[in-house]
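One structure is given here, and the rest of the page talks about it.
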Amino acid sequence: PYEVGFYDTPGYAYDVAVSGSYAYVADDEGGLRVVDISEPTDPREVGFCDTPRSARAVAISGSYAYIADGWEGLRVIDISDPTQPREAGLYDTPGYAFDVAVSGSYVYVADGGEGLRVMDISDPDRPRGVGFADTEATAVAVSGSYAYLATGRSLRVVDLTSTGEAIFDCRESFSYDTWGRMVNLEISNSLLYVVDHTEGLRIMDISNPGYPKEVGFIAIPGNTMDAVVFWPYAYVAAGFRGLRVVDISDPTDPREVGFCDTPGWAMDVAISGSYAYVADGEGGLRVIDISDPAHPYEAGFCDTPEWASDVVVLDSYAYVADGEGGLRVVDISDPAHPREIAFYEIAGYAAEITLSGFYAYVADAWNGLWVVDISDPAHPQEVAFY
């Protein structure tokens, strides 16, 4: 990826919304800036509308832009002529407007300590308050009859049920936090598997998106780093306690049925066929036979030079992010005798890897993103860096 054009706005660009050939930028003290992007290599400002305080977020609906303007609440800007935007209406919210979302005839403002505010904009020139939820909110997204709020500490779900006469009875229907630190999520069917670094594996029913609920939990020995769901089992990378196999056939009663200790620190796991491939820190890549999940055993290994932190399997190859050892390519056509056939050294620390098509995208914890062509696994080639 490479930059093809830019436009320097006068303020601090917090947010952007695109509609047609225009980008609308919430530019802090610079208000709303309208940039013509019909020629992406030469974007240029064609209009602006100053707002009284700090334009933090923008949402577009029809011929109007809705601005979360800090202490000045909601500002409604008529953009029917993008070269001459003008303020058409306003609603002074009681808190600090951080974010804004539009759905149908309503606008939703994340108003900081004053919670979620809901305004009817069927007449955009005269927005009127029709409901609120008393919960901290610094970001908001709306889907159907639910608003999802970020509070900085947890996710909160608010039911936007209408009580008639367009008045909303906004009620927080759900919030979720754990005592530990959530490090990964896996979704399978209508269940969400929460990988918690110190609190193990938690299973949540999300069949009702407005009210997800925890249905099962299992403490994992060690430090829970990653999990892969391969029904009816979850395979958990458990740090210094290796690979743990959890039977999840009954989500309300998950139970460990097998484990295989590894010599290093199990950071990540990938499943292919009857084998689990574990990125095992200083232990390199370990290959675990899981044909009998109750009795997994190590079938082979390939020692990598540094710290194996992530692994992805494609066809007959395992691609390992190996810290200062860069990207390592391991032939696993014979799982009992995996062997490294190629590597690509990056300048920093390979922390994570994702594959798409013929490319490996390597997250360098120190420097950025490397894009490596793996169309010939034996000869990986760098194609880009960002």
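The values are calculated or read from the model by the stated rules, or taken from the named source; none is laboratory data. The structure displayed is predicted, hence computed values, not measured ones. Note that we place each Cβ from the backbone using ideal geometry, even for glycine, and neighbour counts take in every protein chain shown. Each accessible area value is taken on the protein alone, full model and side chains, heavy atoms only, with ligands, DNA and RNA left out. Shrake-Rupley method; radii C 1.70, N 1.55, O 1.52, S 1.80 Å.
Can you tell me which of Asp331, Asp322 is charged (D, E, K, R), surrounded by fewer than 20 Cβ atoms within 10 Å (Cβ to Cβ) and over 21 Å from Pro1 (Cβ atoms)?
On the way: Asp322 fails: surrounded by fewer than 20 Cβ atoms within 10 Å (Cβ to Cβ).
None of the other options fit; the residue is Asp331.
So if I check each of Gly326, Gly283, which one is on the phi > 0 side of the Ramachandran plot and in contact (Cβ under 8 Å) with a residue 12 or more places away in the chain? Steps first, please.
Values: Gly283 fails: on the phi > 0 side of the Ramachandran plot.
After ruling out the rest, the residue left standing is Gly326.
Can you find a residue in region 260-270 that is without any contact (Cβ under 8 Å) to a residue 60 or more places away in the chain and at positive phi? Checked region 260-270: no residue is without any contact (Cβ under 8 Å) to a residue 60 or more places away in the chain and at positive phi. Pairs meeting the criteria (first residue in region 122-137 and under 14 Å from Glu87 (Cα atoms), second residue assigned to a strand (DSSP E or B) and open to solvent by less than 20 Å² (accessible area, probe 1.4 Å), beta carbons under 6 Å, at least 6 apart or on different chains) are Pro124/Val76; Pro124/Gly89; Asp125/Gly89; Arg126/Gly89; Pro127/Gly89; Pro127/Met119. Contact list please: Cβ distance under 7 Å, first residue in region 361-374 and under 11 Å from Gly323 (Cα atoms), second residue aliphatic (A, V, I, L, M) and open to solvent by 40 Å² or more (accessible area, probe 1.4 Å), pairs at least six apart or on different chains. Pairs that qualify, where the first residue is under 11 Å from Gly323 (Cα atoms) and the partner is aliphatic (A, V, I, L, M) and open to solvent by 40 Å² or more (accessible area, probe 1.4 Å), are Ala363/Leu369.
From the residues in region 152-162 that are modelled with pLDDT under 70 and among the hydroxyl-bearing types (Ser, Thr, Tyr), which one is nearest to Ala137 (Cα to Cα)?
Step one: of region 152-162, the residues modelled with pLDDT under 70 are 152-155, 162.
If we keep only those that are among the hydroxyl-bearing types (Ser, Thr, Tyr) as well, we get 154, 162.
Numbers: Ser154: 10, Ser162: 20 Å.
Ranking the qualifying residues of region 152-162, first place goes to Ser154.
Got a sec? Which of Asp99, Asp8, Asp81, Asp42 is crowded, with 19+ Cβ neighbours inside 10 Å and of a type in the set (Asp, Glu)? Before the answer, list the steps.
Values: Asp8 fails: crowded, with 19+ Cβ neighbours inside 10 Å; Asp81 fails: crowded, with 19+ Cβ neighbours inside 10 Å; Asp42 fails: crowded, with 19+ Cβ neighbours inside 10 Å.
Answer to the selection: Asp99.
Flag not set for Leu32, criterion: more than 30 Å from Tyr386 (Cα to Cα) and either open to solvent by less than 10 Å² (accessible area, probe 1.4 Å) or among the hydrophobic types (A, V, I, L, M, F, W, C) (or both).
Scanning region 169-200 for residues that are hydroxyl-bearing (Ser, Thr, Tyr), modelled with pLDDT of 75 or more and not in a strand (DSSP E or B) yields a total of 2. Among the listed residues Ile203, Ile220, which satisfies the condition of being open to solvent by less than 30 Å² (accessible area, probe 1.4 Å), outside any strand (DSSP E or B) and either charged (D, E, K, R) or at pLDDT 75 or above (or both)? Exactly one of Ile203, Ile220 is open to solvent by less than 30 Å² (accessible area, probe 1.4 Å), outside any strand (DSSP E or B) and either charged (D, E, K, R) or at pLDDT 75 or above (or both), namely Ile220.
Working only within region 122-145, note down all residues that are closer than 16 Å to Arg75 by Cβ and either touching a Leu at 6+ places or on another chain (Cβ under 7 Å) or not in a loop (DSSP other than H, G, I, E, B) (or both). Quick ask: steps written out before the conclusion?
Going residue by residue through region 122-145, those that are closer than 16 Å to Arg75 by Cβ are 123-129.
Answer for region 122-145, where residues must be closer than 16 Å to Arg75 by Cβ and either touching a Leu at 6+ places or on another chain (Cβ under 7 Å) or not in a loop (DSSP other than H, G, I, E, B) (or both): Pro127, Arg128, Gly129.
Does region 350-369 hold any residues that are modelled with pLDDT of 95 or more and either aromatic (Phe, Trp, Tyr) or touching a helix residue (DSSP H, G or I) at 6+ places or on another chain (Cβ under 6 Å) (or both), and which are they? Residues satisfying the conditions are Tyr359, Tyr361.
Of everything in region 102-121 that is hydroxyl-bearing (Ser, Thr, Tyr) and part of a strand (DSSP E or B), the residue that is least open to solvent (accessible area, probe 1.4 Å) is Tyr108. In summary, Glu165 fulfils each of the numbered conditions (1) buried (at least 19 other Cβ atoms within 10 Å of the Cβ); (2) modelled with pLDDT under 85; (3) part of a loop (DSSP other than H, G, I, E, B) with the single exception of condition (1).
Tally time: how many residues in region 8-47 are over 24 Å from Val102 (Cα atoms) and not in a loop (DSSP other than H, G, I, E, B)?
3
Of the residues making up region 261-285, those that are assigned to a strand (DSSP E or B) and either out of contact with any Leu (no Cβ under 8 Å at 6 or more places or on another chain) or surrounded by fewer than 20 Cβ atoms within 10 Å (Cβ to Cβ) (or both) number 7.
Of all residues in region 196-207, those that are on the phi > 0 side of the Ramachandran plot and touching a residue at least 24 places away in the same chain (Cβ under 8 Å) have Cβ atoms under 7 Å from Cβ atoms of residues that are β-branched (Val, Ile, Thr) and open to solvent by less than 10 Å² (accessible area, probe 1.4 Å), 6 or more apart or on another chain, in Gly200/Thr224.
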